[in-house]
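This report refers to the structure that appears directly beneath it.
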Amino acid sequence: MVTGVLPLALEDATKTIQAFLITGKEYVCLMTLHGDVDSKQLLRTLEEFVDDIYQKPPVRAAVKREVRKRRIYSIKDIEVDGRQVLFRVSCQAGTYIRKLVYDAGEVLQVGAHMRELRRVRAGSFTEDTISTLYDVLKLSQSSGADREELARRIIVPMEAAFRHISKIYIRDSAVSAVCHGADLAVPGVVRLTEGIRQNSAVALFTLKGELVALSKALMSTEQVLEAEKGLAAKTLRVVMPPEVYPRMWKTKERALMLT
Amino acid sequence: MSQTPSWERTRKEQVKIEEETDPSYGCLPEKRTLDQHIRFGLINLDKPSGPSSHEVVAWVKRLLRLKHAGHGGTLEAETWAGAIQWLPACYPSP
């Protein structure tokens with residue numbers, strides 16, 4: 001009943017999963033009304049949900065059942081056929097569509113349930129680049145050039161998930177330090193996305209476009225551009241193995257060796 | 001909270017300093033060897049109806065003989081718990 005875009009991370013890329021969990025989602029939903037509703041009233045009611053909404057996770061949910069606020073960005077392409085209502089909804093991560101449908105049914109006073117749901121987008125992943133389990137099966141049974149071709153088509157670099165996430169591109173000389181867990185200092189910054197605020201999630205990238213780590217910004221874009229020193233981002237999760245770029249930072253021992 | 005989803009917003013980049021990268025280290029993500037491509041790869045999978053997201057991950061893991069795999073964003077309530085609890089305040093939806 002529930003199908004569609006499910007981004008899977010393989011091996012070391014598993015460390016990037018937090019990045020998908022925070023990205024917005026888009027669904028196509030089939031709702032069944034439990035009574036007849038005037039279509040104008042239905043459209044008006046659905047329209048009302050395009051806002052910040054408050055949801056309590058369903059009884060079966062594994063998260064703490066606390067009311068939480070989620071943003072519905074849009075509900076569009078609404079089609080009505082009797083008591084069947086089809087629509088496309090785009091929302092913040094962690095929105096329960098089943099709950100949204102139930103709540104709309106309550107507002108309409110006839111009740112409703114979610115009959116079918118298909119996720120058509122998760123962050124930068126859409127149905128255009130989707131692969132099936134059958135593709136994965138074919139990949140697992142292939143070898144040689146076939147395997148290479150299939151793997152390149154079905155699997156994408158983990159960096160693809162970061163198209164819409166704030167980024168800081170860092171110097172080669174800063175990469176190894178970050179890979180060893182150091183926070184990013186201002187002199188290591190080469191360029192960065194506009195609109196980064198303190199405490200917002202940022203991904204650190206090399207100048208070759210490789211993902212290094214997931215971090216928390218300690219300065220806004222403007223502050224980083226103005227500053228000459230200080231820490232720009234706190235390293236939360238290192239993804240790149242530490243041996244890819246050479247160590248460039250000074251340690252006591254190395255300083256002694258050089259003198 | 002933003003009024004539009006992240007994919008509908010275009011955000012420019014600001015340059016702090018002109019700098020080049022040494023080609024002797026690392027490589028462009030699309031130039032990785034096949035092993036590395038898998039190791040740092042993602043699959044945009046079409047989840048079929050029936051099995052849970054968790055089961056689907058387990059299948060892919062077994063089929064491709066992976067040590068680790070994980071999915072981003074459960075379809076259907078199940079194992080949100082671990083993920084959501086980890087999400088610190090610094091990772092709000094963009």
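The values are calculated or read from the model by the stated rules, or taken from the named source; none is laboratory data. On a predicted model such as this, the values are computed, not experimentally measured, just so you know. Don't worry about glycine lacking a Cβ; one is built from the backbone with ideal geometry, like all the others, and counts go over all protein chains shown. Surface areas here come from the heavy atoms of the whole protein model, side chains and all, with no ligands, DNA or RNA. Shrake-Rupley method; radii C 1.70, N 1.55, O 1.52, S 1.80 Å.
Among A:Met248, A:Met31, A:Met158, the largest mean-square fluctuation in a Gaussian network model of chain A (Cα springs under 10 Å) belongs to A:Met248. Within straight-line reach of A:Lys216, meaning a Cα separation under 12 Å, sit the following aspartates and glutamates at least 8 residues removed in sequence or on another chain: A:Asp183. These residues, A:Ser173, B:Ser53, go from largest to smallest accessible area, 1.4 Å probe, as A:Ser173, B:Ser53. Placing A:Arg153, A:Arg237 in order of accessible area, with the largest value first and a 1.4 Å probe, yields A:Arg153, A:Arg237. Sorting the segments A:164-170, A:238-244 by their mean number of nearby beta carbons within 10 angstrom, highest to lowest, gives A:164-170, A:238-244. In this label model, A:Lys69 and A:Leu231 are separated by 2.9 nm, measuring between points 7 Å along each Cα→Cβ vector.
In the full protein context, the protein assembly as shown carries 49 Å² of accessible surface per residue, based on a 1.4 Å probe and ignoring ligands, DNA and RNA.
Heavy-atom accessible area buried between chains B and A is around 8400 Å² (1.4 Å probe, both sides summed). With R₀ fixed at 45 Å, the C-beta to C-beta distance from A:Thr45 to A:Arg163 puts the FRET efficiency at about 0.85.
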